[in-house]
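Before any comments, here is the structure.
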Amino acid sequence: MTETVFSLSSGKGKAGIAVIRISGPLAGTALLALAGALPPLRQATLMTLRRPGSDVILDRALVLLFARDRSFTGEPVAELHVHGGPAVVRSVLGALAEVPGLRMAVPGEFTRQALGNGRIDLGQVEALADLIDAETERQRMQALSGLAGMLGAAVRDWRSLLLEAKAMVAADIDFSDEGDVADQGLRGIDSLLQRLESGLEGALRTADRGRMLVDGFRVAIIGPPNAGKSTLLNALARRDVAIVSEHAGTTRDVLEVKLDIDGYAVILADTAGLRETSDPVERMGIERARTSASKADLVLLLDDGESEPPDADSLTAPSIRVRTKIDRKAAGPLHDISCRIHLSAHTGEGLDSLTEQILLAIREGDRGEPSLLVHERQRQGVERALAAVQGAQREAVRGVEFLDHHLQRADDALKEVIGLIGVEEVLGAVFSRFCIGK
Amino acid sequence: MVRAFHYTRDDRLNRFDVIVVGGGHAGGEAAAAAARVGARTALITFSKANLGVLSCNPAIGGLGKGHLVREIDALDGIMGRLADASGIQFRVLNRRKGPAVRGPRAQADRKLYRQAAGIELLEKTPGLTLIEGEVTDLLVADQAVTGVELADGREIQAGAVVLTTGTFLRGLVHLGEERWSAGRIGEQPSHRLAERLLACGFALGRLKTGTPPRLNGRTIQWDALAVQEGDDPPEPFSSLTTTITTAQAPCHITRTTSATHALIRANLDRAPVFTGQIGGQGPRYCPSIEDKVNRFGDRDGHQVFLEPEGLDDDAVYPNGISTSLPRDVQAGIVHSMPGLEKTEILQYGYAIEYDFLDPRGLFPSLETKHLNRLFLAGQINGTTGYEEAAAQGLVAGLNAARRAGGQSAVHFSRMQSYIGVLVDDLVTQGVTEPYRMFTSRSEFRLALRADNADLRLTRFGSELKLVGAERLARFDTKEAALGQAKALLQSLSLTPREAERHGVALNQDGVRRTAFELLSYPHIEWGHLIRVWPALAAIPGLVADQAAIEAKYAVYLGRQEADIARLQRDEQLDLSVFDSGSYDGIAGLSNEIRLKLNLIRPRSVAQARQIEGMTPAALTLIAVHAKKRGERDRIAAVTDS
């Protein structure tokens, strides 16, 4: 028997409206206990909520009731849109807890109900988690495409190509001595595998974009000590871009700030100044700065015109050379042609063009359809499938059994991507991402 | 050894541990297996003469099928030995392909095969009693089978019963427009047995199979035909056979011609498969000649193998022209082929339709879900082929003996054997056409090879007491020799430069490679290694061959183990607590999948995944509910205690 659970489904803290969701067989009973009547199904209705068995008014709320077959969770669902003050929310949640048979939902429980009732599939659960986590417009669009099941459709296409290839191999192995198929052999399998390879490669190419959209575009600020890295970070964070969140990086030497630039999530990382040093602690910080640069999608190389600017050759990510402190007199030439941007964090001069350059770099990497592969789990599965398909192409000459082996591994990898293999792990990984009320 | 069977001390003829009904390939192997593990076993068949009859083509083995025979042999079953004793042409199929996809096959002399089966079962199998008679009903008490009733009124009791009655359910033969009832239904009292099964709730399906006309070899112009010789020396099936002593005979090859096809096309309106006279589903992989002509009309000819039925037997089996066309058309077909212009037909081809019991009603032990202590094996489960029947017989006989003795069921995994693949496919997927084994049915083709059946199964079989002392001793010797050879190969190594000096080309990367690693290179053979390390010449040929095959696939098998581990994690998501009806409580499953789940009752998420039509969403649902249920049971266990 499914239990009836409730929780605050909108964010915590002060807001205009807070949404409390009740899901389970007793959702209607709970509503009756608080509102004294049931609203028509799927019609927003203004009702007065009272503490059960008393006249104490909790709030005037917009109330919605969904039948089992038309709700998100596949259970009867009631939604209370109450006024958003913490006190109101607390009192309504308290009143619901008094209704017999109801309890607070545990993290991910609404989604679990939806999954358990077959309302959504696993890929959609993952996408839903993304949608809920989405902080910017681009993240939201990416998550919506996942909800529509695009990955599942792509995997179906790939697997049907694989099936065709496997059928050819099966005929070649199992019927070659029966005289009727031997002459058809493996004709056409090369082009089949090529199509498969390019499909998988295409998906992997978009994987970085998917990751970038979901996790954020990583910009590392690198430069010698006192080149103005922290000042630049603070200036960018304070200007027309909003600080989404601020938290210390993985080490005290790398500070990360998450920004929203024109709908894109951007993670700006301030790193330790690069220089030759014998201090082991500082060396460790520099090492981390280099790691941060190697993981970045874009590196800003700061040059204050005084110390030796860092070398761009060792970087894998694209970089922009930025001349800082142009408001100050410095030893080097003020307008260095090797620098694309000249700015002063203090006067704000040049900051707009820097933002523009960052946006340009993001858009460079975000062309075309939304990415199919957003999660590491999915990406790894497709990568394994691609490796297997390439193995099949490479080793077909060694014998048909090697070809077959690789095709089988490719299919297993794709089954894992969509959750046909490794169900247990998938469930664990997915639900560990949910927080309460979603 | 003391065993816990119920009736071990009972010598009367009407009480046994295990009764096997039917003396075909499933029945023979079932009875032999039950007796091997120490069960007092009765084999009941119409006539002693029925033992070991090759009722269709006179051949054992092939791709997939040959793997099954080797596995049966590795478990000390009889089929491989019978084939070795009666084989008159041995060929390893796919010899030009890799060892993983080779399959041993033999033409058998029908008479010799029957003789060998009689000797094996009647003389060499202690604890096995043969009873001639017709089983007319099952004795049932408390939802369990307790024995059988014979037509003469005798009742025989047993701890478990294995039914291997082939196509006895509503068999209907078609030959042109004629048809007649085959088997005993409607004419004889065994009708009651069928009724009993149906009343228990078994689901029925209908299948079709066919056979070609048999030809008189004296009227074939052999010198006009291409000859296909067997392998020299012939490679036996059984690891207990050292050499094949029976005389060998060649097969011949002819072809259908455009005249054949024209004749068939002109008579399609007289073919029972097209007129609607036959409704059962035939095998796609073994179509009748009229099917082939109809479906592959663009081909100008199909190969036909002329297989001798025996050394001193004139009958010839033309493999490839199974048909149920009328007699005059069959004669025309035969006479339209080169070499057969004047050939006499000894017996006309026909098609037979029959009912089978949906094997999804079986547990992996082949015990039925409807009736305890009843096991089914062979064609009655919708399979075709002697080897498939024998493999099921072995599983059913073993498990029936264990059931009678109060031991747990033995489960053959699909990662371990083709026997496991066969059983898992049957009980999970059911059948829609006569089920035949192919190597492509296995996901682990590189691991499940005909050459290593003993390495995979003999130790396992020995633990189950299925394997006799002689085989075990030989296996121990082989395993030890192989272990030593591999250790030696892994201890020897050289650099690319040293290899070059011996004329072996390697990538000049300076990396030392062991002799074992070198064997995995396609261009390096045993002979190259002996040139480098003459000591290797002391390793016997068969052991060297085996080591070379293992080396060839070692890297892949290592990687495959990781995959197997992943698959096994889903195996641990236990669904055995779900009974029939449990799935009705899961909202969101499609009706089709719900029906299948209730019928099959998979024991794990891994098995559920194999069900045809299973979707990721449905599988996730099941997993979620299994976990929920598991948690609830744990909580209940805690509160109870």
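The values are calculated or read from the model by the stated rules, or taken from the named source; none is laboratory data. Quick caveat, the model's predicted, so the values are computed rather than measured. Using ideal geometry, Cβ is built from the backbone for each residue, glycine included, and neighbour counts are taken over all protein chains shown. All accessible areas refer to the heavy atoms of the entire protein, side chains included, with ligands and DNA or RNA removed. Shrake-Rupley method; radii C 1.70, N 1.55, O 1.52, S 1.80 Å.
Observations
- Qualifying helices (runs of 4 or more DSSP H) (wholly inside the stretch B:269-374; at least 1 residues being in contact with a strand residue (DSSP E or B) (Cβ under 9 Å, 6 or more places away or on another chain) and over 30 Å from B:Ala226 (Cα atoms)): B:272-275
- All of (1) touching a residue at least 40 places away in the same chain (Cβ under 8 Å); (2) within 11 Å of chain A (Cβ to nearest Cβ) hold for B:Gly61 with one exception: (2).
- Which listed residue, of B:Val173, B:Val161, B:Val145, is among the aliphatic types (A, V, I, L, M) and in contact with a helix residue (DSSP H, G or I) (Cβ under 9 Å, 6 or more places away or on another chain): B:Val161
- Criterion (within 29 Å of A:Arg398 (Cβ to Cβ) and either open to solvent by less than 20 Å² (accessible area, probe 1.4 Å) or under 12 Å from the mean Cα position of the chain (by Cα) (or both)) met by exactly one of B:Ile419, B:Ile380: B:Ile419
- In the stretch B:378-392, the residues that are among the charged types (D, E, K, R) and at pLDDT 95 or above form Cβ pairs under 6 Å with partners that are surrounded by 24 or more Cβ atoms within 10 Å (Cβ to Cβ) and assigned to a loop (DSSP other than H, G, I, E, B), at six or more places apart or across chains, as follows: B:Glu388/B:Met437.
Here is a yes/no grid of residues against (1) within 12 Å of another protein chain (Cβ to nearest Cβ); (2) assigned to a helix (DSSP H, G or I); (3) modelled with pLDDT of 75 or more; (4) under 30 Å from the mean Cα position of the chain (by Cα):
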{"residue": "A:Gln378", "(1), (2), (3), (4)": "no, yes, yes, yes"}
{"residue": "A:Gln390", "(1), (2), (3), (4)": "no, yes, yes, yes"}
{"residue": "A:Gln393", "(1), (2), (3), (4)": "no, yes, yes, no"}
{"residue": "A:Phe402", "(1), (2), (3), (4)": "yes, yes, yes, no"}
{"residue": "A:Leu414", "(1), (2), (3), (4)": "yes, yes, yes, yes"}
{"residue": "A:Glu425", "(1), (2), (3), (4)": "yes, yes, no, yes"}
{"residue": "A:Val430", "(1), (2), (3), (4)": "yes, yes, no, yes"}
{"residue": "A:Phe434", "(1), (2), (3), (4)": "no, no, no, yes"}
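- The residues on offer are B:Ile264, B:Ile220, and the sole one that is more than 14 Å from every other protein chain (Cβ to nearest Cβ), more than 29 Å from B:Tyr354 (Cα to Cα) and surrounded by 20 or more Cβ atoms within 10 Å (Cβ to Cβ) is B:Ile220.
- Unique match (being open to solvent by 10 Å² or more (accessible area, probe 1.4 Å), closer than 28 Å to B:Leu446 by Cα and touching a Leu at 6+ places or on another chain (Cβ under 6 Å)) among B:Leu93, B:Leu63, B:Leu75: B:Leu93
- Some residue of the stretch A:221-230 being crowded, with 19+ Cβ neighbours inside 10 Å, more than 14 Å from every other protein chain (Cβ to nearest Cβ) and either modelled with pLDDT of 85 or more or part of a strand (DSSP E or B) (or both): yes
- Residues satisfying the stated conditions in the stretch B:301-315, i.e. within 14 Å of another protein chain (Cβ to nearest Cβ) and touching a Lys or Arg at 6+ places or on another chain (Cβ under 9 Å): B:Gly301, B:His302, B:Gln303, B:Val304
- Residue that is nearest to the other protein chains (Cβ to nearest Cβ) [pool: residues in the stretch B:587-605 that are of a type in the set (A, V, I, L, M) and surrounded by fewer than 21 Cβ atoms within 10 Å (Cβ to Cβ)]: B:Ala587
- Close pairs from the stretch B:535-562: first within 29 Å of B:Glu443 (Cβ to Cβ), partner hydroxyl-bearing (Ser, Thr, Tyr), Cβ under 6 Å, at least 6 apart: B:Ala551/B:Ser520; B:Lys552/B:Ser520
- Filtered by the rule that a residue be of a type in the set (D, E, K, R) and either over 29 Å from B:Thr125 (Cα atoms) or open to solvent by 30 Å² or more (accessible area, probe 1.4 Å) (or both), the stretch B:437-473 gives B:Arg441, B:Glu443, B:Arg445, B:Asp451, B:Arg456, B:Arg459, B:Glu463, B:Lys465, B:Glu470.
- Qualifying residue in the stretch B:405-426 (condition: within 20 Å of B:Leu43 (Cβ to Cβ) and either at pLDDT 95 or above or among the β-branched types (Val, Ile, Thr) (or both)): yes
- Taken over the stretch B:230-268, the criterion of being of a type in the set (S, T, N, Q) and assigned to a strand (DSSP E or B) is satisfied by B:Thr254 alone.
- Checklist (1) outside any strand (DSSP E or B); (2) modelled with pLDDT of 80 or more; (3) small (Gly, Ala, Ser) applied to A:Ala269, failing item: (1)
- Here B:Ile88, B:Ile44 are screened, and the one residue that is among the β-branched types (Val, Ile, Thr), within 17 Å of B:Ser238 (Cβ to Cβ) and crowded, with 20+ Cβ neighbours inside 10 Å is B:Ile88.
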